[in-house]
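Visitor: Submitted below is the structure of interest, expressed as structure tokens.
All of the numbers you see were taken from the coordinates with simple rules; none came from a lab. Not measured: the values here are computed from a predicted model. Glycine gets a Cβ as well: all are built from the backbone with ideal geometry, and neighbour counts include every protein chain shown.
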Amino acid sequence: MIEIKENNGGMLAILNGRLDTPAAVKAQQEIGPLLENADKEIVFDCTNLEYISSSGLRLFLTIRKEASVKGGKVIIENINDEIRKVFMMTGFFNLFEIRNA
């Protein structure tokens with residue numbers, strides 16, 4: 001579901017499949033390295049993310065909040081059209097830097 005790696009002095013989180021409630025609960029337990037490194041640039045690669053629920057959105061918010069406290073930056077890359085719609089409807093599009101590589 002979530003694979004975390006170091007990336008050019010920052011962190012890279014690769015999301016796969018569905019970030020629904022059960023997956024978000026599991027991911028919440030796995031994001032420790034991202035929270036610890038929230039003073040750096042954190043990039044979420046969503047190329048293979050098919051779906052996101054409100055629980056999944058909350059995961060992004062948790063990391064964004066920690067990054068804003070520690071002076072880091074959160075970037076979301078390669079979201080599909082469905083997830084883009086969810087981000088637009090919820091206002092998340094304005095909270096994050098979103099890039100499509």
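Visitor: With a Förster radius of 22 Å, plug the Cβ-Cβ distance of Glu82 and Glu36 into 1/(1 + (r/R0)^6) and report the FRET value to the nearest 0.05.
Guide: 0.10
Visitor: At 18 Å minimum axial length over the Cα atoms and a Kyte-Doolittle cut of -0.5, report the qualifying DSSP H helices in the chain, or say none.
Guide: Helix filter hits for the chain: 54-70.
Visitor: Return P(r) of the chain (all Cα-Cα pairs; 5 Å bins starting at 0; whole %; ordered from short to long distances).
Guide: Histogram of Cα-Cα distances, whole percents per bin: 3, 14, 26, 29, 20, 7, 0.
Visitor: Still on this structure: Show that you can apply the helix-only estimate: for the chain, add -39,500 (n - 2.57) for every DSSP H stretch of four or more residues, divide by all residues, and state [θ] at 222 nm to the nearest 500.
Guide: -12500 deg cm²/dmol
Visitor: Sum up the charges of everything whose Cβ sits under 9 Å from the Cβ of Gly9, counting Lys and Arg as +1 and Asp and Glu as -1, but leave Gly9 out. Display every interim value, and only then the final one.
Guide: Working: positive: Lys40; negative: Glu6, Glu41.
Once all neighbours under 9 Å are counted, the net charge is -1.
Visitor: Given an 8 Å cut-off on Cα distances and at least 6 residues of separation, report the relative contact order of the chain as a percent.
Guide: Worked out over the chain, it gives 27 percent.
Visitor: Also: For segment 44-85, what is the convex hull (Cα atoms) projected area averaged across all directions, in square nanometres?
Guide: Hull-based average projected area comes out at 2.9 nm².
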